[in-house]
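Where a number appears in this text, it was derived from the coordinates with a stated rule and is not lab data. Just so you know, these numbers come straight off a predicted model, no measurement behind them. Virtual Cβ from ideal backbone geometry, glycine too; neighbours counted across all protein chains shown.
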Amino acid sequence: MNQTIETLLQHRSIRSFTEDRLTQEQIHTIVDAAQMASTSSYMQAYTIMGVTDEKKKADIAEITGQDYVQNNGHLFVFCADMYRHQVKATDQQKQDMIQNIENTEHLLVSTIDATLAAQNGAIAAESMGLGMCYIGSIRNNIQRVDELLNLPPHVIPLFGMVVGYPKSKPEQKPRIPRKGIYFENEYNKEQHHALDQFDDKIRAYYENRSNNTRKDTWTDQMIRRFSNPMRMDVTTHVQNKGLNKR
């Protein structure tokens with residue numbers, strides 16, 4: 001097993017960091033690695049925002065309800081970006097482009113591009129001995145985050161990523177068994193056995209971990225999550241920014 005695979009298999013989310021800030025060299029290395037991710041049709045349809053203003057970090061931390069969004073080595077926000085592609089276009093060219101830019105396909109393209117870039121950056125950070133955690137809860141108030149970052153039309157904040165020096169190394173959270181994730185040639189809808197095994201494993205994980213022990217399963221978590229509407233304003237905000245309209 002090579003060092004890259006070992007880094008991937010050792011991933012865990014870090015939510016407690018020292019006070020040390022990332023250097024400019026570290027930040028640039030993470031961004032450079034992110035930029036080398038695959039990108040659909042060479043569009044590079046994403047922007048990476050670095051949030052260094054302490055007031056803005058505090059505001060975003062309040063939105064997320066997570067103090068480590070403020071207390072970390074560096075906060076990145078990854079955005080879907082279909083604005084850059086129009087910057088040098090004439091008014092007529094923009095009119096010709098708009099139907100494509102505002103369709104669902106290019107919302108997916110820009111979201112996938114941003115996610116691939118982020119994962120490259122995450123692996124780069126972990127390979128340097130840093131820890132990281134993705135922050136989907138910036139979408140608790142997507143419009144406010146959008147305003148804080150002064151994002152133009154056709155650009156939306158997707159998720160954050162905090163990076164820094166870990167204070168501790170938490171237990172690694174188990175994943176669904178391979179047989180419940182990887183199917184060949186056709187989708188397998190009969191997943192009860194794999195999920196039963198996973199629920200047993202998760203139940204034991206929560207009961208035995210060193211911090212925040214509880215009785216829970218993956219299935220119960222997912223049923224609770226999807227039984228309560230959340231972030232219902234995201235659709236409207238995305239469409240108001242000119243994406244996913246067609």
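On a per residue basis, the convex hull of the C-alpha atoms belonging to segment 3-170 measures out at 122 Å³.
Karplus-derived 3J(HN,Hα) values for segment 96-113, using 6.51 cos²θ - 1.76 cosθ + 1.60 with θ = phi - 60°, are 5, 8, 4, 5, 6, 4, 8, 8, 5, 3, 7, 5, 5, 4, 5, 5, 5, 4 Hz; glycine and proline are entered as x.
Among 30, 48, 181, 135, rank each residue by its count of other Cβ atoms within 10 Å, from fewest to most, as a rough exposure measure.
Details: 30 27, 48 19, 181 10, 135 24.
Starting with the residue having the fewest Cβ neighbours, the order is 181, 48, 135, 30.
Sorted ascending by nearby beta carbons within 10 Å, beginning with the fewest, 217, 4, 111 become 4, 217, 111. Its relative contact order, with pairs defined as Cα atoms under 8 Å and 6+ residues apart, puts the chain at 26 percent. Could you please report the charge total around residue 165, scoring K, R as +1 and D, E as -1 over all other residues with beta-carbon less than 14 angstrom from its beta-carbon? Net of charged neighbours comes to +1. Other residues within the sphere of radius under 12 Å centred on the Cβ of residue 203, judged by their own Cβ, net out at -2 (K and R +1, D and E -1). Taking the Cα centre of segment 3-170 as origin and assigning +1 to Lys and Arg Cβ atoms and -1 to Asp and Glu Cβ atoms, the resulting dipole is close to 300 debye.
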